[in-house]
């Protein structure tokens, strides 16, 4: 004599266990996908911050030029070429020279004759900014 009291409502233990296993497997895949997406999303933000910091350095240099060095390019050039003591921020000098333009051509110039200073700086990602300063 068998007592079978099933009226069709509810789940069997096997159905519950299979459901838990399937949900566990799906959640592992979802976590792996979302985890890699979230960790990779911070990289562009870090690059943008470094780009903005280079822009800030350029603004600091330009502001200092306007306030203190518009009539003294040699001292200004010396200050820019020493990033650790300049106080402008973190950068590396790529190029620092006096130039003159003849038509569309740029050539090196004698600082005693031409008073246009070309400065190119870069950040740790090798992004560069070039600035031209004219002595008054």
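The values are calculated or read from the model by the stated rules, or taken from the named source; none is laboratory data. All figures in this text were calculated on a predicted structure; none of them were measured in a lab. Positions of Cβ are generated from backbone atoms using ideal geometry, with glycine treated the same way; all protein chains shown enter the neighbour counts.
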> Would you pick out the residues in the range 109-127 that are assigned to a strand (DSSP E or B) and without any contact (Cβ under 8 Å) to a residue 40 or more places away in the chain?
Replying inline: 116, 118, 120
>> Out of 84, 63, I need the residue that is assigned to a helix (DSSP H, G or I) and farther than 18 Å from residue 135 by Cα. Which one?
In response: 84
>> Quick check on this structure: which one of 51, 70 is over 15 Å from residue 133 (Cα atoms), touching a residue at least 40 places away in the same chain (Cβ under 8 Å) and surrounded by 10 or more Cβ atoms within 10 Å (Cβ to Cβ)?
In response: 51
>> I'm trying to understand the selection: among the residues of the range 117-129, which are over 13 Å from residue 73 (Cα atoms) and more than 17 Å from the chain's Cα centre (by Cα)?
In response: 120
> With respect to residue 88, is the statement that it is surrounded by 14 or more Cβ atoms within 10 Å (Cβ to Cβ) and either touching a helix residue (DSSP H, G or I) at 6+ places or on another chain (Cβ under 9 Å) or in contact (Cβ under 8 Å) with a residue 40 or more places away in the chain (or both) true?
Replying inline: yes
>> Restricting to the range 109-136, and then to whatever is in contact with a strand residue (DSSP E or B) (Cβ under 6 Å, 6 or more places away or on another chain) and more than 30 Å from residue 49 (Cα to Cα), can you tell me which residue is modelled with the lowest pLDDT?
In response: 114
>> I need the full set of residues from the range 112-136 which are in contact with a helix residue (DSSP H, G or I) (Cβ under 7 Å, 6 or more places away or on another chain) and surrounded by fewer than 16 Cβ atoms within 10 Å (Cβ to Cβ), in order please.
In response: 124, 125, 127, 131
